[in-house]
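Comments concern the structure below.
The values are calculated or read from the model by the stated rules, or taken from the named source; none is laboratory data. None of these values were measured; they are calculated from a predicted model. We place every Cβ from the backbone using ideal geometry, glycine too, and count neighbours over all the protein chains shown. To get the accessible areas, we keep the full protein, side chains included, count just its heavy atoms, and leave off ligands, DNA and RNA. Shrake-Rupley method; radii C 1.70, N 1.55, O 1.52, S 1.80 Å.
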Amino acid sequence: MSRFPGVDYIEFDSLLSEQELMVRQTARQFVDERVLPIIRDAYNNAVFPKQLIAEMGRLGFFGANLEGYGCAGMSNIEYGLVMQELERGDSGLRSFVSVQGALVMYPIHAFGSEAQKQRWLPKLQSGDAIGCFGLTEPGYGSNPAGMLTKAAKHNDVWVLNGEKTWITNGSAADIAVVWARTPEGIRGFLVEKGTPGYSTSDIHGKLSMRASVTSSLHFADCAITEEHQLPCAKGLKSALSCLSQARFGIGWGVLGAAMDCFETARTYTLARKQFDDKPLAGHQLVQEQLAWMITEITKGQLLAYQVARLKDTGKVEDPHISMLKRNNVAMALECARLSRDLLGANGIMDEYPIMRHMCNLETVKTYEGTDHIHALVIGERVTGVPAYR
Ligand SMILES: Cc1cc2nc3c(=O)[nH]c(=O)nc-3n(C[C@H](O)[C@H](O)[C@H](O)COP(=O)(O)OP(=O)(O)OC[C@H]3O[C@@H](n4cnc5c(N)ncnc54)[C@H](O)[C@@H]3O)c2cc1C
C-alpha cells in the first residue's frame, strides 16, 4: 500500500471506475517505490533519472492514451491520473512523459506516415527511443508563428536552418519533432540524432526543473529526406494540437504536486507544536490555509475530470484545456507557497518536497502557453475578440 493517502474531500474517488483506481494505484506505487527515494538527489545534482525510463515504458506510461503500436490505449481519465501521480513525484518526470507521449508520439500518430508510425511508435512506447519537440526559438516563445527556422526543398531533400531553444529532452533525444517554415507554411519534420548539420547543447544553471534535461537544437544546412516530413502536419495548428494534448496532462499533473504540498503541510502542522504545546494545525489561521488548499485542489480535480470526460467523448475544445492548465497550475503554485509558509524555516529545506515543487511549478506556469496566454484564449472564447496583439 502507498504511504500517500490521496486527497479526496468530496468522495471524488466515487467518480472513478475500478480500472481507473487500479491505474492510479499502479502509478502511485511506482512513484512511492521508485521515484521518491531518488528524486531529491536527482534534483540537487541536476540529472534526469534515466534509470526509470524502461520501467515507465513497461508500465505503459508513454503515449498512454494513444491506440495501437503497443500503446496502452488508456482513457483520458486514466491518463490524467497517471500524470497526477508522476507529478506528485516531480514535474521533471511528468514533463519527460508528457513530451514523449503528447509532443512526440502524438504528432507521429496523428500526422505521420504508416512507415514513420511503424518505425518510431513501438520504440518510443517502450522507452527504447527518446523524443523531443522543437517549437520555441530564442526570439519566439509565446508567439511561435514568428519562427525563423526554415526548411527549403531541393529535389527530394529538405534542408533545415535555424535554432530551437528550451527543448525538454533535447540532447537525450533519438528523434526530434521539429517545426519549420517552408514555402507552403509551417511543417513538422522528424530529425534523427546524428544527422549531419544537427547538434544540441544543454542549458545549465536552471533553478527549476533540475531533474529534467533542457537543451537548444541547432540546424546548420541539416539535410533530411522527404520521408522525414510528417505528411499530414499542415500549419501551426498541427503543432498547437500537440500542445493541447500536453496541456491536458499538465492540468492533471499539477494536482499531484499540489496534493503533495497539502499533505506535507497537513502532517507537519499536526506534529509541530507552538504556543501552549498546541499543534500548529490547531490554530485558526493555519486551518484557513489548509482549508484554502483542499478546497482549490478539489475544484481542480473536478475541472480536470470534466475536461477528461469531454476529451473522451470528442467534445473538448482548446479553451477548455486552457482553463484547466491555467487554473490548476496557479492553484498548485499557491499551494506550494502556502505549504512552504506553514513549514516555517523547515519549509526551505530539501528534506521536504515543497521548494522543489514550487520551483518546478514556476516553469510549468510558463511552458505550454503562459498563464497570460491562456487568459487570452479564455478571454477570446467569452468575448469573441482576440487580444493577443
Ligand atoms: C524548463 C522548460 C522546458 C521547456 N520545454 C519546451 C519544449 O520541450 N519544447 C518547446 O518548444 N518549448 C519548451 N519550452 C519553452 C516554453 O514553451 C516557452 O518558454 C514559453 O512558450 C514562453 O515563451 P518565452 O519564454 O519566450 O516567454 P515570452 O513569450 O517572452 O513571454 C514573457 C512574458 O510575457 C508575457 N506575454 C507574451 N506575450 C504576451 C501577450 N500577447 N499578452 C500578455 N502577455 C504576454 C508572457 O505571458 C510572459 O509572462 C520550455 C521552457 C522551459 C522553461
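Lysines within cross-link reach of Lys150: Cα-Cα under 21 Å, excluding same-chain residues under 8 positions apart?
Within the straight-line cut-off, Lys150 pairs with Lys164, Lys193, Lys234, Lys237.
What Rg and what Dmax come out for segment 311-389 when only alpha-carbon atoms are used, in angstroms?
16.0, 48
If I model segment 293-354 as equal point scatterers sitting on the Cα atoms and use the Debye formula, what is log10 I(q)/I(0) at q = 0.17, 0.20, 0.26 Å⁻¹?
After summing over all Cα pairs, the log10 values are -0.64, -0.76, -1.00.
To test your reading of the geometry: what angle, between 0 and 90 degrees and rounded to tens, separates the Cα axis of helix 114-126 from the longest principal axis of the chain?
On a 0 to 90 degree scale, this one is about 30.
Do any GluC sites (Glu not before Pro) in segment 156-250 lie in a loop, going by DSSP, with at most 15 other beta-carbon atoms within 10 Å of their beta carbon, and if so which?
On the way: sites: Glu163, Glu184, Glu192, Glu226, Glu227; in loops: Glu184.
Taking segment 156-250 and a limit of 15 other Cβ atoms within 10 Å, the loop GluC sites (Glu not before Pro) found are Glu184.
Starting at the first residue of segment 218-224, write each ³J(HN,Hα) from the Karplus equation 6.51 cos²θ - 1.76 cosθ + 1.60 with θ = phi - 60°, in whole Hz, x for Gly and Pro.
10, 10, 10, 6, 7, 9, 9
Convex hull over the Cα atoms of segment 212-322, averaged projected area in nm²? Working shown, then result.
On the way: hull surface 46.3 nm².
Approximately 11.6 nm², given one-decimal rounding.
Run through the DSSP bridge list for segment 76-197 and note the antiparallel percent, rounded to the nearest 5. Show your work: numbers first, answer last.
On the way: 14 of 19 bridges.
Given both bridge residues lie in segment 76-197, the antiparallel proportion sits at roughly 75 percent.
Taking Rh as the Kirkwood radius computed over C-alpha pairs, what is the Stokes-Einstein D of segment 1-149 at 20 °C in a medium of viscosity 1.002 mPa s, expressed in µm² per second? Numbers along the way, then the final one.
Numbers: Rh = 16.6 Å.
For the chosen part, D equals 129 µm²/s.
Determine which aspartates and glutamates satisfy two conditions relative to Lys365: a Cα distance under 19 Å, and not lying fewer than 8 residues away in the same chain.
Of all the aspartates and glutamates, those that pass the test against Lys365 - Cα under 19 Å, at least 8 places apart if same chain - are Glu85, Glu87, Asp90, Glu137, Asp260, Glu296, Asp318, Glu334.
Binned at 5 Å from 0, what are the whole-percent values of the Cα-Cα distance distribution for segment 142-283, short to long?
2, 8, 14, 15, 15, 11, 7, 6, 5, 4, 4, 4, 3, 2, 1, 0, 0
Could you grab the Rg to Rh ratio for segment 165-232? Cα atoms only, Kirkwood for Rh.
Working: Rg = 13.2 Å, Rh = 13.0 Å.
So for segment 165-232, dividing Rg by the Kirkwood Rh gives 1.02.
Under Stokes-Einstein, with the Kirkwood radius over Cα pairs standing in for Rh, what whole-number D in µm²/s applies to segment 121-202 at 37 °C and 0.692 mPa s? The partial results should precede the final answer.
Details: Rh = 13.4 Å.
It comes out at roughly 246 µm²/s.
If you build a Gaussian network model of the chain, linking Cα atoms that sit under 10 Å apart, which residue out of Leu324, Leu310, Leu243 swings the most?
The residue with the greatest mean-square fluctuation here is Leu310.
Given C-alpha coordinates of segment 1-46, what is the ratio Rg to Rh with the Kirkwood estimate of Rh?
Details: Rg = 13.6 Å, Rh = 12.2 Å.
In segment 1-46, Rg relative to Rh is 1.11.
For the chain, what is the calculated [θ] at 222 nm in deg cm²/dmol (nearest 500), taking -39500 (n - 2.57) for each run of four or more DSSP H residues and dividing by its residue count? Intermediate values should be presented prior to the final figure.
On the way: 12 runs with 185 residues, N = 389.
Value at 222 nm, helices only, nearest 500: -15500 deg cm²/dmol.
Pairs of alpha-carbon atoms within less than 8 angstrom and 6+ residues apart define the contacts here; what relative contact order does segment 46-89 have, in percent? Numbers along the way, then the final one.
Working: 25 pairs, mean separation 9.8, N = 44.
Once normalised by length, the contact order is 22 percent.
Starting from the residue with the highest accessible area, list Thr363, Thr214 in decreasing order, probe 1.4 Å. Show your work: numbers first, answer last.
Values: Thr363 35, Thr214 15 Å².
Output order, biggest surface exposure first: Thr363, Thr214.
With 5 Å bins from zero, work out the P(r) of segment 252-389 over every alpha carbon pair and list the percent per bin.
With a bin width of 5 Å, the distribution comes to 2, 11, 18, 18, 17, 13, 9, 7, 4, 2, 1, 0.
In units of 2.2 N^0.38 Å, what is the alpha-carbon radius of gyration of the chain?
Numbers: Rg = 21.1 Å, N = 389, 2.2 N^0.38 = 21.2 Å.
Taking the Cα Rg and dividing by 2.2 N^0.38 Å, one obtains 0.99.
With a 1.4 Å probe and all protein chains kept in place, how do Ser199, Ser95 rank by accessible area, largest first?
Working: Ser199 55, Ser95 5 Å².
From most accessible down to least: Ser199, Ser95.
Anyone know which of Ala271, Ala330, Ala27 comes out most mobile in the 10 Å Cα GNM of the chain?
Answer for the Gaussian network model of the chain: Ala271.
If amide H atoms are built 1.01 Å from N in the plane of the peptide, which residues on other chains or at least 5 residues away come under 5 Å of the amide H of Ala223?
Under 5 Å from the amide H of Ala223 lie the amide H atoms of Leu160, each far enough along the sequence or on another chain.
Please report, in whole Å³, the volume per residue of the convex hull around the C-alpha atoms of segment 53-112. The partial results should precede the final answer.
Values: hull volume 4.3 nm³, N = 60.
Enclosed volume per residue, from the Cα hull, is 72 Å³.
From largest accessible area down, sort Tyr106, Tyr140, Tyr9; use a 1.4 Å probe on the protein chains. Walk me through the numbers before you get to the answer.
Numbers: Tyr106 45, Tyr140 70, Tyr9 155 Å².
Accessible-area ranking of Tyr106, Tyr140, Tyr9, largest first: Tyr9, Tyr140, Tyr106.
Report the residue, chosen from Gly347, Gly127, Gly185, that carries the largest GNM mean-square fluctuation when the chain is represented by alpha-carbon nodes joined by springs under 10 Å.
Gly185
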